[in-house]
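The values are calculated or read from the model by the stated rules, or taken from the named source; none is laboratory data. Just so you know, these numbers come straight off a predicted model, no measurement behind them. All Cβ positions, glycine included, derive from the backbone under ideal geometry; neighbour counts span all protein chains shown. Only protein heavy atoms, including side chains, enter the accessible area calculation; ligands, DNA and RNA are left aside. Shrake-Rupley method; radii C 1.70, N 1.55, O 1.52, S 1.80 Å.
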Amino acid sequence: MFLILVFSILVGLQPYILKPGDNIAGVLISKKVSNELVAKIVSALGKETNLKRCKPGDKLYITMRDNKFIELRYEQPKATWIIDSLFQVSRLQPRKVLIYLKGTIETGSLWDALLKVGGTPQLVYEFAEGVFTWDIDFNTDTRNGDTFEIFTTQEFIGDRFVGYGKILLARYILGNKEFTGVYYPKVRPGYYDLNGKALQKLFLKSPISYVRISSKFSYSRFHPILRIFRPHLGVDYAAPTGTPVRSIGSGKVTFAGWRGGFGRQVIVRHTGGFESYYGHLSRFGKGIKNGVSISQGQIIGYVGSTGLSTGPHLDFKLKKHGTWINPLKLNPPSIKPLKGKELEDYEKYKNEVFTLIAGIESIRKLSILPIFK
């Protein structure tokens, strides 16, 4: 019997979810839809979207009554198309609503706390890596009792939640320190503090996300393999093999290869006399080789256990003018702050954001205002 689906939310049924190797035509034929009807559906839908880009996880809902085609609904993660009985195709447009999320760290994990208040893995990433990656290392700095706030948008297609939009304001209170980032889309788009100072800095706080530090900077550390005490002038980040490793700043790769006990290692030269070292990698990032220029946050390799290593981890070191320095105590400068007319415009924008937050309970159901489109 042919599957009859109207809207799963209403009738409690599930759509057909595309699997690897599936395509829309093949799925419809497997459901006993006639070749003639399949051709009409594929022809109509193919004029609106590239059907070669169908992916596993896409959903198909089809409505048939008395063997007559009524409607087909095709959902991708952030797009939905509907074909009616006349084979006219319409695309549902996303709808945005404001939302303000607040929470407290209870398990030592930002991930757990944000998901508890309705966040998603992508929102956790945007908060930690998109806003505060230059100021807070959530691997080591997070403490129970820390609080966070996020002002952003939720995106819907019909009644279907498809994700969060750009974070418009983020705040994290770490002990007695308060970090705030306001997204300013004009002039130099990015996050700025309450005084118009850019959050982006010369270097990222950490080259790797959501891991733990297994060994800190020390002038006398017992080496687990060599069984002797010797300096460990860097930081070890324990992480699963294959975890992406980012360059903490823009620069030029001066070495990418095998280097004794460090196994596969990448060395990057930055401005200001800095050099960063990434050791024990399982493999290098795409295009990473001697002499190439790279940007801040670019993946230069993946965690491994090559060389003298007891398990998968990243050995990260930092030099300034030839002298080893403790990466955990680095306080790099920010990029150019807003000044003059730029700062005046930013102040007006910031005040509008806070005005919206103050009235969030009365406007949270409204479509987002033009200022944020």
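Criterion first (at pLDDT below 90, touching a helix residue (DSSP H, G or I) at 6+ places or on another chain (Cβ under 9 Å), open to solvent by 30 Å² or more (accessible area, probe 1.4 Å) and at negative phi) does L226 satisfy it?
yes
Quick check on the stretch 31-42: of everything there that is modelled with pLDDT of 85 or more and not β-branched (V, I, T), which residue is surrounded by the fewest Cβ atoms within 10 Å (Cβ to Cβ)?
This residue is E36.
Give E129, E106, E178, E149 a once-over and let me know the one that is of a type in the set (D, E, K, R) and without any contact (Cβ under 8 Å) to a residue 24 or more places away in the chain.
Sole residue among the options that is of a type in the set (D, E, K, R) and without any contact (Cβ under 8 Å) to a residue 24 or more places away in the chain: E178.
If you check R91, R53, which single one turns out to be more than 26 Å from the chain's Cα centre (by Cα) and open to solvent by 70 Å² or more (accessible area, probe 1.4 Å)?
After ruling out the rest, the residue left standing is R91.
Determine whether N351 is in contact with a strand residue (DSSP E or B) (Cβ under 8 Å, 6 or more places away or on another chain) and farther than 24 Å from T133 by Cα.
So N351 does not fit the description; no.
Inside the stretch 65-88, can you point out the residues that are open to solvent by less than 30 Å² (accessible area, probe 1.4 Å), in contact (Cβ under 8 Å) with a residue 12 or more places away in the chain and either in a loop (DSSP other than H, G, I, E, B) or aliphatic (A, V, I, L, M) (or both)?
L72, A79, I83, listed by residue number.
Out of all the residues in the stretch 123-162, which are under 28 Å from K59 (Cβ atoms), part of a loop (DSSP other than H, G, I, E, B) and open to solvent by less than 40 Å² (accessible area, probe 1.4 Å)?
If the condition is that a residue be under 28 Å from K59 (Cβ atoms), part of a loop (DSSP other than H, G, I, E, B) and open to solvent by less than 40 Å² (accessible area, probe 1.4 Å), then G158 is the only one that fits.
Select, from L98, L60, the only residue that is in contact with a strand residue (DSSP E or B) (Cβ under 7 Å, 6 or more places away or on another chain), under 30 Å from D146 (Cα atoms), among the aliphatic types (A, V, I, L, M) and in contact (Cβ under 8 Å) with a residue 12 or more places away in the chain.
L98 is the lone residue from the list that is in contact with a strand residue (DSSP E or B) (Cβ under 7 Å, 6 or more places away or on another chain), under 30 Å from D146 (Cα atoms), among the aliphatic types (A, V, I, L, M) and in contact (Cβ under 8 Å) with a residue 12 or more places away in the chain.
Restricting the search to the stretch 231-261, which residues are crowded, with 17+ Cβ neighbours inside 10 Å and hydroxyl-bearing (S, T, Y)?
Hits for the stretch 231-261 are Y237, T243, S247.
For the stretch 285-292, state whether one or more residues are of a type in the set (A, V, I, L, M) and part of a strand (DSSP E or B).
Among the residues of the stretch 285-292, not one is of a type in the set (A, V, I, L, M) and part of a strand (DSSP E or B), which makes the answer no.
Residues to consider are L45, L28; find the one that is open to solvent by less than 30 Å² (accessible area, probe 1.4 Å), over 29 Å from E155 (Cα atoms) and assigned to a helix (DSSP H, G or I).
Result: L28 is the single residue among L45, L28 that is open to solvent by less than 30 Å² (accessible area, probe 1.4 Å), over 29 Å from E155 (Cα atoms) and assigned to a helix (DSSP H, G or I).
Select from the stretch 305-328 the residues that are over 23 Å from T133 (Cβ atoms) and either buried (at least 18 other Cβ atoms within 10 Å of the Cβ) or aliphatic (A, V, I, L, M) (or both) and list them in ascending order.
T306, G307, L308, S309
Restricting attention to the stretch 319-336, does a residue exist that is farther than 30 Å from T140 by Cβ, in a loop (DSSP other than H, G, I, E, B) and at pLDDT 80 or above?
No: zero hits.
Kindly provide the set of residues from the stretch 100-122 that are touching a helix residue (DSSP H, G or I) at 6+ places or on another chain (Cβ under 6 Å), open to solvent by 40 Å² or more (accessible area, probe 1.4 Å) and within 16 Å of T152 (Cβ to Cβ), ordered by number.
Passing the criteria: only Y100.
Among (1) at pLDDT 90 or above; (2) in contact with a Ser or Thr (Cβ under 8 Å, 6 or more places away or on another chain); (3) of a type in the set (S, T, N, Q), there is one condition Q14 misses while meeting the rest; what is its number?
(1)
Give me the residue from the stretch 262-289 that is touching an Asp or Glu at 6+ places or on another chain (Cβ under 9 Å) and open to solvent by 30 Å² or more (accessible area, probe 1.4 Å) and, out of that set, nearest to T306 (Cα to Cα).
F262
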